[in-house]
Ligand SMILES: [Zn+2]
């Protein structure tokens, strides 16, 4: 657990390689961050905390970095265009897609991460 109650967790990551990519991406943008054990209840083992730089800038950078890391998963759907969460066919729907069957927003980083990492949460 971080001892400082003001610790800002920018994102969490499932693996050290994901965490390293995020730290690198933030560093390229002049944002200082550090990897710690994730204190949040989540399946992710690591948390990335802000140590130097503007929080809003860091958060928008995190979105860009995750988007790039999830390049192979542009939507939480299988190759046939079926919703990752319920299997409903959403092929042909224009983004942003919210599954009409189960209600999951399928273009978000969280949904894309779940599909990429094989999680349901
Ligand atoms: Zn669905």
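Quick check: is even one residue across the stretch 84-101 under 15 Å from residue 23 (Cα atoms) and surrounded by fewer than 13 Cβ atoms within 10 Å (Cβ to Cβ)?
We begin by selecting, within the stretch 84-101, every residue under 15 Å from residue 23 (Cα atoms); these are none.
Looking through the stretch 84-101, none of the residues is under 15 Å from residue 23 (Cα atoms) and surrounded by fewer than 13 Cβ atoms within 10 Å (Cβ to Cβ).
How many of the residues in the stretch 69-94 are under 23 Å from residue 14 (Cα atoms) and near the ligand (Cβ under 8 Å from one of its atoms)?
Number of matching residues: 3.
Which of the residues spanning the stretch 95-113 are more than 12 Å from the ligand (Cβ to nearest atom) and either within 19 Å of residue 11 (Cβ to Cβ) or in the same structural domain as residue 44 (by TED's automatic domain parsing) (or both)?
Matches in the stretch 95-113: 107, 108, 109, 110, 112, 113.
Got a number for residues in the stretch 38-58 being outside any loop (DSSP other than H, G, I, E, B) and either in the same structural domain as residue 118 (by TED's automatic domain parsing) or within 21 Å of residue 116 (Cα to Cα) (or both)? Walk me through it before giving the result.
Of the residues in the stretch 38-58, the ones outside any loop (DSSP other than H, G, I, E, B) are 46-52, 55-58.
Among the residues that remain, those that are also either in the same structural domain as residue 118 (by TED's automatic domain parsing) or within 21 Å of residue 116 (Cα to Cα) (or both) are: 46-48.
Total meeting the criteria: 3.
The values are calculated or read from the model by the stated rules, or taken from the named source; none is laboratory data. This structure is a prediction, so every number in the text was calculated from the model and none was measured. Cβ atoms come from the backbone with ideal geometry, glycine included; neighbour counts cover every protein chain shown.
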